[in-house]
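Asker: Encoded as structure tokens, here's the structure I'll be asking about.
The values are calculated or read from the model by the stated rules, or taken from the named source; none is laboratory data. The shown structure was predicted, so the numbers you read here are calculated from the model rather than taken from an experiment. Using ideal geometry, Cβ is built from the backbone for each residue, glycine included, and neighbour counts are taken over all protein chains shown.
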């Protein structure tokens, strides 16, 4: 039996990252969010039902009106925009210029002045020059796409004065994989790979002497489309499909699985969200 205390969990993370880039038929995060229209679609999606999924995460964190929050991988302001109404200040870190364009638009539309933005990857941030530390809350919500997990976690722990939170897929499957398990091999020619990343994050933090709490919650996502063609185009881009054979497989699947509700074509999925968090040991 393997003694897990002897495993270098950071190397496990790096190995998964290497295999993911080699095996997956999906664009990496940098490429995916370089497209303006894709970012705008995502921006509209996170605001559905009055930022419902964002509020679920925000209510799972410990904030007070005087809190200063660092949001790592802020996207179009998924957490930062609603957070700005209940805390003193949010620093939103986001590498994608297209995502920042959406975030700045959301701030302007709502007259928000207590969000500052930084266009950088987390691994490129120098806390001493880029950040006004410490923060009361540091959060990385579905943004742990980093090459060196240990360095990313150490930096999170260094810049927080109170709490740090990571939200990630508890069932080890991204929404894209969750939706398309049935046809994944038909699409990409290989079986879907399940990667136990929440376990790696938890074990590495423990190995670093940072002892965390873990909570699992079920989340239901709903995507709405005006018609089949819009659904196919949207999901083709989300899956980064490259040829017509793949698109035909996707079309047949959506024809069978899309539901009609209130004039929309609906694609529903459930997922399980992991909240990994710790309180700074001062």
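Asker: Can you tell me which residue within the stretch 76-92, out of those that are in contact with a strand residue (DSSP E or B) (Cβ under 6 Å, 6 or more places away or on another chain) and surrounded by 24 or more Cβ atoms within 10 Å (Cβ to Cβ), is farthest from residue 34 (Cα to Cα)?
Answerer: The qualifying residue farthest from residue 34 (Cα to Cα) is 83.
Asker: Specify which of the listed residues (125, 146, 90) is under 22 Å from residue 208 (Cα atoms) and touching a helix residue (DSSP H, G or I) at 6+ places or on another chain (Cβ under 6 Å).
Answerer: When all the criteria are applied, what remains is 146.
Asker: In the list 157, 136, 148, which residue meets the criterion of being over 12 Å from residue 90 (Cα atoms), in contact (Cβ under 8 Å) with a residue 12 or more places away in the chain and touching a strand residue (DSSP E or B) at 6+ places or on another chain (Cβ under 7 Å)?
Answerer: The match here is 157.
Asker: Restricting to the stretch 151-182, and then to whatever is over 18 Å from the mean Cα position of the chain (by Cα) and either more than 24 Å from residue 83 (Cα to Cα) or at pLDDT below 90 (or both), can you tell me which residue is surrounded by the most Cβ atoms within 10 Å (Cβ to Cβ)?
Answerer: Once the filter is applied, the top-ranked residue is 180.
Asker: Still on this structure, please answer the following. Note down all Cβ pairs under 8 Å where the first residue falls in the stretch 1-26 and is in a helix (DSSP H, G or I), the second is at pLDDT below 60 and surrounded by 12 or more Cβ atoms within 10 Å (Cβ to Cβ), and they're at least six residues apart or on different chains.
Answerer: As it stands, the answer is 21/28, since those pairs meet every condition given.
Asker: Give the stretch 186-201 a look and list any residue that's within 19 Å of the chain's Cα centre (by Cα), in a loop (DSSP other than H, G, I, E, B) and crowded, with 16+ Cβ neighbours inside 10 Å, or say none.
Answerer: 195
Asker: Scan the stretch 255-281 for residues that are surrounded by 18 or more Cβ atoms within 10 Å (Cβ to Cβ) and over 30 Å from residue 214 (Cβ atoms) and jot them down.
Answerer: 258, 265
Asker: Count, please, the residues in the stretch 120-145 that happen to be at pLDDT below 95 and surrounded by fewer than 20 Cβ atoms within 10 Å (Cβ to Cβ).
Answerer: Summing the residues that are at pLDDT below 95 and surrounded by fewer than 20 Cβ atoms within 10 Å (Cβ to Cβ) in the stretch 120-145 gives 2.
Asker: Name the residues in the stretch 43-62 that are closer than 22 Å to residue 166 by Cα, in a helix (DSSP H, G or I) and touching a residue at least 60 places away in the same chain (Cβ under 8 Å), would you?
Answerer: Within the stretch 43-62, 43, 45, 53, 56, 57 qualify.
Asker: Among the residues of the stretch 101-116, is any surrounded by 21 or more Cβ atoms within 10 Å (Cβ to Cβ) and within 19 Å of the chain's Cα centre (by Cα)?
Answerer: Scanning the stretch 101-116, I find at least one residue that is surrounded by 21 or more Cβ atoms within 10 Å (Cβ to Cβ) and within 19 Å of the chain's Cα centre (by Cα), so the answer is yes.
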